[in-house]
1. All but one of (1) modelled with pLDDT under 95; (2) surrounded by 17 or more Cβ atoms within 10 Å (Cβ to Cβ) hold for residue A:148; state the number of the condition that does not hold.
2. When only residues in segment A:420-430 that are over 17 Å from residue A:217 (Cα atoms) and buried (at least 21 other Cβ atoms within 10 Å of the Cβ) count, which is nearest to RNA strand B (Cβ to nearest atom)?
3. Within segment A:448-462, track down each residue that is crowded, with 21+ Cβ neighbours inside 10 Å and either assigned by TED's automatic domain parsing to the domain that holds residue A:199 or under 16 Å from residue A:415 (Cα atoms) (or both).
4. Can you work out which of the residues in segment A:218-245 that are part of a strand (DSSP E or B) and under 14 Å from residue A:170 (Cβ atoms) is farthest from RNA strand B (Cβ to nearest atom)?
5. I'm trying to understand the selection: among the residues of segment A:246-264, which are under 24 Å from residue A:140 (Cα atoms) and away from RNA strand B (no atom under 12 Å from the Cβ)?
6. Checking the structure you have, find out if any residue of segment A:432-439 is surrounded by 17 or more Cβ atoms within 10 Å (Cβ to Cβ), at negative phi, part of a helix (DSSP H, G or I) and not assigned by TED's automatic domain parsing to the domain that holds residue A:224.
7. Take residue A:348 and tell me if it is near RNA strand B (Cβ under 9 Å from one of its atoms), within 22 Å of residue A:381 (Cβ to Cβ) and surrounded by 14 or more Cβ atoms within 10 Å (Cβ to Cβ).
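The values are calculated or read from the model by the stated rules, or taken from the named source; none is laboratory data. No experiment lies behind these values; they were computed from the predicted model shown. Neighbour counts run over all protein chains shown; Cβ positions are idealised from the backbone, glycine included.
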RNA sequence: CGGGGCGUGGCUCAGCCUGGUUAGAGCGCCUGCUUCGGGAGCAGGAGGUCGGUGGUUCGAAUCCACUCGCCCCGACCA
């Protein structure tokens, strides 16, 4: 039994919810603002977001997308143009009804998502098939008046990116939707080291106003699923509501086909939950604000020697990795170890008198706590390898956990038993009827998280609930 | 939005039930010295008006009402 090194954080395995909140505050990722459901993203948290932005934005640009920025406010009449859309979002929209001392003629919604305002602009910009595809993304904040909030996972205001594209055909739009879904999956698995399943949402769970919604879903340590990103095929629903038409090669005027897609600061929450441990954050090297921390260890008599080697190490490392050199003298090495572990720095490099004698440094992995000596002239090279190993191992662990907690249910009794006692994903055949979906939700609190891509045959399979012939084999889970 | 719990120096909490001296502790913080390979030791010091508002009372952290915020359960949630 390993000794717990950080005080005042509840054990992750015993109380995930408390652990999560405490870690976020103690590691200074975020703090509560004085208004309900709102938080301040502190520098340590924002640095993760900046890394997410950088790595995702690169992928968007590589696939032909450009960034723009649309207004925060949406006139009420615009929001109302697409019927399903307004119905879906109405309960959680914040309104501005006054400007200065004057009542507004028309209330302005604080965007809960930007389809309405963006489509209004697109209807002005799209005229010809030559204008398509239109591939725009924006990094922005949105506001949703949620009843239950939790830092990063569900807050009143949050940061995200939302892509909004316009295409000449259903096929083009569908291709875009799946391309983005692929980017999300690749990004989350490679950079955040979180295993996700990708698939389509049931009609009940899809985005308000979409034809189809695709999703990537991750499994949290308590066995509940978290929607990590969505990509919607909007069909012509919005183009008809907002009159986005183009004249095609055949000289016919056609309504455009659209998509929208997004991931949010919720990804930070997922990263914290999936990888953290009882001593605090464990951050994947690719998005960690600091990838390496160098801690020099010295007594008065070897201070100069150790510090000069430490500085040399720092100089060698800082060009390659996000490195912090913690040479503060007011804290002891032990204190620093605990502090940087709490903050999730993937690799710690210790350098002390004993190491100098052997011309080495000591590496300590945050994820495994594995400690091993590295010759001084191999530090940079080994650091690179170790960071890659950590990144890989974190994903492996997430993948193993997710697979181990993905089970097939033979019958409804077993289905309920799994969701009650072990949770995780339960894979089962479904007839496609909302009635059965609702029954499952009522009786187990689980919903259909996704319908996987076609492939597996449903020949001879029967709905886990009603026994009718199955249309799909789907993934159920309780969710955040 | 319904049920429950909780707001006291930066943090974790005691005090409240049974109102009454200058509101306490540990950690953290500041100063000095000694330390430094897993959250160092000693000495001295600073810091709170008890979430907010109103009420009861000679007197309120303590009792009452309202209100803001946080946590848990439920409802809701693309």
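1. Among (1) modelled with pLDDT under 95; (2) surrounded by 17 or more Cβ atoms within 10 Å (Cβ to Cβ), residue A:148 violates only (2).
2. A:430
3. Those that are crowded, with 21+ Cβ neighbours inside 10 Å and either assigned by TED's automatic domain parsing to the domain that holds residue A:199 or under 16 Å from residue A:415 (Cα atoms) (or both): A:448, A:449.
4. So in segment A:218-245, the residues part of a strand (DSSP E or B) come out as A:218-219, A:225-235, A:245.
From what's left, under 14 Å from residue A:170 (Cβ atoms): A:232-235.
Details: A:232: 9, A:233: 13, A:234: 12, A:235: 15 Å.
Ranking the candidates gives A:235 first.
5. Step one: filter segment A:246-264 for residues under 24 Å from residue A:140 (Cα atoms), giving A:257-264.
Within segment A:246-264, A:257, A:258, A:259 meet the criteria.
6. Checked segment A:432-439: at least one residue is surrounded by 17 or more Cβ atoms within 10 Å (Cβ to Cβ), at negative phi, part of a helix (DSSP H, G or I) and not assigned by TED's automatic domain parsing to the domain that holds residue A:224.
7. yes
Conditions (1) away from RNA strand B (no atom under 16 Å from the Cβ); (2) modelled with pLDDT under 95; (3) in a helix (DSSP H, G or I), marked per residue:
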residue: A:377; (1), (2), (3): yes, no, yes
residue: A:381; (1), (2), (3): yes, no, yes
residue: A:387; (1), (2), (3): yes, no, yes
residue: A:391; (1), (2), (3): yes, no, yes
residue: A:397; (1), (2), (3): yes, no, yes
residue: A:410; (1), (2), (3): yes, yes, no
residue: A:443; (1), (2), (3): no, yes, yes
residue: A:454; (1), (2), (3): yes, yes, no
residue: A:460; (1), (2), (3): yes, yes, no
